[in-house]
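Asker: Just dropping this structure here.
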Amino acid sequence: MLAIETKNLSKRYKTKTAVDSLNLSIKQGELFTLLGVNGAGKTTTIKMLTCLSKPTSGDAILLGDSIISNPFAVKEKINISPQETAVARNLSVKENLEFTAKIYGFDRKETALKVQEMLDTFSLAEVSPNKAKTLSGGMQRRLSIAMALISDPQILFLDEPTLGLDVIARRQLWSAIEKLKGNITIILTTHYMEEAEALSDRIGVMSKGKLRAVGTTAELTAKTSTGSLEDAFVSLATLEEATG
Amino acid sequence: MKTAAFSARNRKEMIRDPLNMAFGIGFPLVILLLLTALQSNIQVELFAIDQLVPGVAVFGLSFISLFSGMLIAKDRSTSFLMRLFTAPLTAPDYILGYTLPLIPMAVLQITITFIAAAFLGLVLHFNVLLSIVVLIPVAILFIGIGLLAGSMFNDKVVGGVCGALLTNLSAWLSGTWFDLHLVGGWFKGIAYMLPFAHAVDAGRAAISGDYTSILPHLWWVIGYAVAILIIAIFVFRKQMSSDSD
């Protein structure tokens, strides 16, 4: 069964087309990366798939449910770690996790178990009583992802998860994401080539709202006759830009 | 359960901000003390405590608008609300979640103001309790203003609108600092077209035992509260389905 299938998914604003007839299939358990420069349409795609923004045309089916006709059912299966760190600043790490579990309907006992699991998985136990606003950027990002995972989502959206983090924090986060691979479907957006290469099962290159190519790193480099993902990306993005 | 969890989070966010506590509780008390001290040094009865305290309580409620507006605006600006909007919560979950924790806070704020007034000479009797009850719809009005401001503006603008404009409107156009009937004219006309003077008059009527005068003023407040809450809910729901990039 496919985790995500988009059918001519499009989003148009008054003066520009943010996403143009996106057709994409993502398998369950896959870590799929949407790669593109700023303004390529990655975040708009994520917003549509998470039911935050309605498509202008087309549809997407997430584990059998349409984002247009059944968004509430979709929301019960997904979670997101937004681009900007989204944590409750005056709540402790533990309270942030408890709060998220409860709004997804977990009872007290389940909440306690899930909170402990997330604290352990993301190495947050030591800072559990600390207020979120006192954490470093990397720690806040880890908490943000833990909050996204505590609801046991079948599909997890990670929008630029390592943006603005230093090398160490980035590698720690990669390690946490790698542990999740295979268990749930992950859609990651990034404009860091090495991140896409290190984490992804497949990569979709987006440019100017269009999906230019989809494949593994090896497939993309072979397709563009280049030696690296970065070269392949530049080739795909600029070639298609030149041809429209 | 979901609404309760969201309410609890909002309550903690607000009460853990020391500035909220300082302004929400401290500032009205300072005003109460200053005006009472002023009264003790002048011959004319300008700031009689039983007339002053409902006004100061109404003025204090403008900070409730500031708390709620700032919280919602900050949630929006930090993507926290974006995270919540992908959760299986309904519009009533959000609106009740933001509104419910503010009601006990507002009642507590009003009560503390009245207790402080008791130390300054206010005689505690049944009508004082009635005045507190009469001010609850006023609290709903100010919560609605905060919800609306937070849904429309960013936190800086909310700071200006609720922190500066609303506090001044509720101070100058409520008849707390001076008798609006003495000023008269267009100023009084405008003041009585807005809900603040009616809110103070309803509280004063209750405390002085003029029961028949309570409802005519309170209807103004309730009318404004209902209208503003409906607009706030409409704007908030629009935000939920916002298609802005």
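Asker: Of everything in the range B:184-221, what is more than 16 Å from B:ASN168 (Cβ to Cβ) and more than 20 Å from the chain's Cα centre (by Cα)? Give them in sequence order. Break it down stepwise before answering.
Answerer: If we filter the range B:184-221 for residues that are more than 16 Å from B:ASN168 (Cβ to Cβ), which is where we start, we get B:184-186, B:188-189, B:192-193, B:198, B:201-221.
B:GLY184, B:GLY185, B:TRP186, B:LYS188, B:GLY189, B:SER208, B:GLY209, B:ASP210, B:TYR211, B:THR212, B:SER213 - these are the residues of the range B:184-221 that are more than 16 Å from B:ASN168 (Cβ to Cβ) and more than 20 Å from the chain's Cα centre (by Cα).
Asker: Here are some residues: A:ALA18, A:ALA60, A:ALA40. Which one is in a loop (DSSP other than H, G, I, E, B) and of a type in the set (A, V, I, L, M)? Steps first, answer last, please.
Answerer: Values: A:ALA18 fails: in a loop (DSSP other than H, G, I, E, B); A:ALA60 fails: in a loop (DSSP other than H, G, I, E, B).
The match here is A:ALA40.
Asker: Next question. In the range A:69-97, how many residues are closer than 22 Å to A:LEU165 by Cβ, of a type in the set (Val, Ile, Thr) and more than 8 Å from chain B (Cβ to nearest Cβ)?
Answerer: Residues meeting the conditions: 1.
Asker: Tell me which of these B:ASN20 doesn't satisfy, since it passes every other one: (1) within 14 Å of chain A (Cβ to nearest Cβ); (2) surrounded by 24 or more Cβ atoms within 10 Å (Cβ to Cβ); (3) under 15 Å from the mean Cα position of the chain (by Cα).
Answerer: (2)
Asker: So A:ASP107 clears everything in (1) surrounded by 15 or more Cβ atoms within 10 Å (Cβ to Cβ); (2) within 9 Å of another protein chain (Cβ to nearest Cβ) except one condition, right? Which one?
Answerer: Every condition holds for A:ASP107 apart from (1).
Asker: On to the next question. Among the numbered criteria (1) within 14 Å of chain B (Cβ to nearest Cβ); (2) buried (at least 18 other Cβ atoms within 10 Å of the Cβ); (3) not small (Gly, Ala, Ser), which single criterion is violated by A:ILE184?
Answerer: Failed condition: (1).
Asker: Right, here's the next one. Which condition number does B:ILE72 fail, the rest of (1) more than 8 Å from every other protein chain (Cβ to nearest Cβ); (2) touching a strand residue (DSSP E or B) at 6+ places or on another chain (Cβ under 9 Å); (3) of a type outside the set (D, E, K, R) being met?
Answerer: Against the list (1) more than 8 Å from every other protein chain (Cβ to nearest Cβ); (2) touching a strand residue (DSSP E or B) at 6+ places or on another chain (Cβ under 9 Å); (3) of a type outside the set (D, E, K, R), B:ILE72 comes up short only on (2).
The rows are residues; the columns are (1) more than 13 Å from every other protein chain (Cβ to nearest Cβ); (2) of a type in the set (D, E, K, R).
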position	(1), (2)
A:MET1	yes, no
A:TYR13	no, no
A:LEU22	yes, no
A:SER25	yes, no
A:GLY36	yes, no
A:THR45	no, no
A:ASP59	yes, yes
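Asker: How many residues, within the range B:1-17, are aliphatic (A, V, I, L, M) and crowded, with 19+ Cβ neighbours inside 10 Å?
Answerer: Applying the first criterion (aliphatic (A, V, I, L, M)) to the range B:1-17 yields B:1, B:4-5, B:8, B:14-15.
Filter once more, keeping what is crowded, with 19+ Cβ neighbours inside 10 Å: B:5, B:14.
Of the residues in that region, 2 qualify.
Asker: Restricting attention to the range A:95-132, which residues are among the basic types (Lys, Arg) and either more than 23 Å from the chain's Cα centre (by Cα) or on the phi > 0 side of the Ramachandran plot (or both)? Write out each step before concluding.
Answerer: Step one: filter the range A:95-132 for residues among the basic types (Lys, Arg), giving A:102, A:108-109, A:114, A:131.
Those that are among the basic types (Lys, Arg) and either more than 23 Å from the chain's Cα centre (by Cα) or on the phi > 0 side of the Ramachandran plot (or both): A:ARG108, A:LYS109, A:LYS131.
Asker: Just the residues that are among the aromatic types (Phe, Trp, Tyr) and within 12 Å of chain A (Cβ to nearest Cβ), please, taken from the range B:87-102. Step through it out loud before you land on a result.
Answerer: Going through the range B:87-102, the residues among the aromatic types (Phe, Trp, Tyr) turn out to be B:94, B:98.
Of everything in the range B:87-102, just one residue is among the aromatic types (Phe, Trp, Tyr) and within 12 Å of chain A (Cβ to nearest Cβ), namely B:TYR94.
Asker: Could I ask something else about it? Quickly run through the range B:174-202 and pick out the residues that are in a loop (DSSP other than H, G, I, E, B) and more than 20 Å from B:ALA48 (Cβ to Cβ). Can you show your working first?
Answerer: Initially, the range B:174-202 is screened for residues in a loop (DSSP other than H, G, I, E, B), giving B:174-179, B:184, B:192-194.
Correct list: B:GLY184, B:TYR192, B:MET193, B:LEU194.
Asker: If you don't mind, another one. Mind checking which residues of the range B:119-148 are surrounded by 14 or more Cβ atoms within 10 Å (Cβ to Cβ), over 15 Å from B:GLY203 (Cα atoms) and of a type in the set (Gly, Ala, Ser)?
Answerer: Across the range B:119-148, the qualifying residues are B:GLY144, B:GLY146.
Asker: Condition first: buried (at least 19 other Cβ atoms within 10 Å of the Cβ), acidic (Asp, Glu) and either over 21 Å from A:LEU31 (Cα atoms) or within 12 Å of another protein chain (Cβ to nearest Cβ) (or both). Can you find one or more residues in the range A:116-137 that meet it?
Answerer: No - not one qualifying residue is present in the range A:116-137.
FYI, it's all coordinate maths here, none of it is from the lab. What you are looking at is a predicted structure, and each value in this text was computed from that prediction instead of being measured. Positions of Cβ are backbone-derived with ideal geometry, glycine not excepted, and every protein chain shown enters the neighbour counts.
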